[in-house]
1. How far apart, in nm, are two points set 7 Å out from the Cα along the Cα-to-Cβ line at Glu378 and at Lys22?
2. Dipole of the stretch 46-280, Cα-centred, from +1 at each Lys and Arg C-beta and -1 at each Asp and Glu C-beta, to the nearest 20 debye?
3. Using θ = phi - 60° and the Karplus relation 6.51 cos²θ - 1.76 cosθ + 1.60, list the HN-Hα couplings for the stretch 350-362 in order, rounded to whole Hz, with x at every Gly or Pro.
4. Rounded to whole Å, give me the distance from the Cα center of the stretch 277-348 to that of the stretch 350-370.
5. If the elastic network links every pair of Cα atoms under 10 Å, which of Ala190, Ala132, Ala48 fluctuates the most in the Gaussian network model of the chain?
6. Show the residues, 5+ positions off or on another chain, whose built amide H is closer than 5 Å to the amide H of Ile30.
7. Of the cross-linked pairs Lys11/Lys116; Lys330/Lys389; Lys146/Lys388; Lys295/Lys377, which ones have a Cα-Cα span greater than 20 Å in the structure shown?
8. Based on the inverse mean of 1/r over its pairs of different Cα atoms, what is the Kirkwood hydrodynamic radius of the chain, in Å?
Amino acid sequence: MKNIIAERMDKVPESFIREILKVTDAAHVISFAGGLPSPDTFPVREIAKACETVLATDGQKALQYASTEGYFPLRQYISGRYMEKHGLKIKPEDILITTGSQQALDLAGKVLINPKDKVLIEGPGYLGAIQALSVFSPVFKTVLMKDDGVDLEGFKKICSKNAIKLFYGVPNFQNPSGITYSGSVRNNLALLLEKYGVQFIEDDPYGELRFIGEALSPVKSYYKNGILLGSFSKVVAPGLRLGWITAPQNIMKSLVIAKQAADLHTNSLSQRILYRYLMDNNEDKHIQDIIKVYKYQCDVMIKAIEEYFPDSIRHTSPEGGMFLWVTLPKKLNSRDLFNNAIKQNVAFVPGAPFYANGGGENTMRLNFSNSSPDKIKEGIARLGKVIKKMLK
Ligand SMILES: Cc1ncc(COP(=O)(O)O)c(C=O)c1O
């Protein structure tokens, strides 16, 4: 029988994390592998109330088909928040509500990428973006991350040798590394994007989860032609599946058509419930509560790493978000470490799949948002023992 699966699927990687989660989901495993927010932070009661109010007051509209662009008051809310937090002017009309920011990535790929187009991505970079953009058969190039963000010298080199169409990056508390672009990196990146005529997909689901230092404006503040993605998954709840994309008008037009073709519109009941929740509750206070939890868990993880891991190991010190990144001595392969660690019932994600062009075999991602402080201490201690044994 002829292969019925379209060629475009040939190079799409299976989600490595989903594979790992099959092994690590068992209750007795301490898992730093997933990328889940802490369920204790979900505003369950408040959402229940919002749900009741929406159905009682606007039930028919909430259950009817709705506009592709999304619920206008929610788009106004997002626009207002960009202005309030960053003095960034983005009109509600330039915001398209999507089924999580993951759908925004799919739509952006659909609208912008022809087969063989060169797409630049951070190394390490977000696996979900590698997967979503792979569907459109680009040629990936990787630019490495430094402590203060993307390596601009590397960026320059790659862009001067290749016709890069698109750069995808996560400037705040990056998934997977926890690294944040400094103000100067943002500014200079904007100049380089302009110089080389590269479109930027700026993905920012973690920006509001800053627990150290001052908020930095999105690269979009410096590079007006950029595309900016956001999400309610990490500040309210991922199950609502609500995110957004904002883009220059010529691109937005195609995004709306692609969205219409994909699913007509994002769940309108969900959009109205979220909006009601945002109107009836103090979102800033809620985010402060989440930050307190994550900061503590991150501190506990770093302290435990410094206590239980050998000195030859390096780790990032995130200023927010949900992840940190560990670099092991070169001779230690993190997949082998994973295989040994899982026997001790502790899990993480090996780093190699986060590099679209290979590398990173001695790195790993640790999630700190979804384990209790006690579990974090215990899991890191177990991991430390395994690492020390393998290094002997
Ligand atoms: C960098 C990044 N972008 C996008 C997403 C997708 O988020 P959602 O579709 O829930 O908005 C995630 C989820 O973990 C992420 O880490």
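Nothing in this text is a laboratory measurement; each read-out follows from the coordinates by a stated rule. Everything quoted here is computed from the prediction, not taken from an experiment. Glycine also receives a Cβ, built like all others from the backbone with ideal geometry; neighbour counts cover every protein chain displayed.
1. 2.7
2. That gives a dipole near 560 debye.
3. My calculation for the stretch 350-362 gives x, x, 3, x, 7, 9, 5, 10, x, x, x, 5, 9 Hz in order.
4. Spelled out, the Cα-based centre of one part sits 13 Å from the other.
5. Judging by the Gaussian network model, the answer is Ala48.
6. When sequence neighbours closer than 5 places are left aside, the close amide H contacts are Val346, Ala347.
7. As for pairs spanning more than 20 Å Cα to Cα, those are Lys146/Lys388.
8. One over the average 1/r among Cα pairs gives 21.8 Å for the chain.
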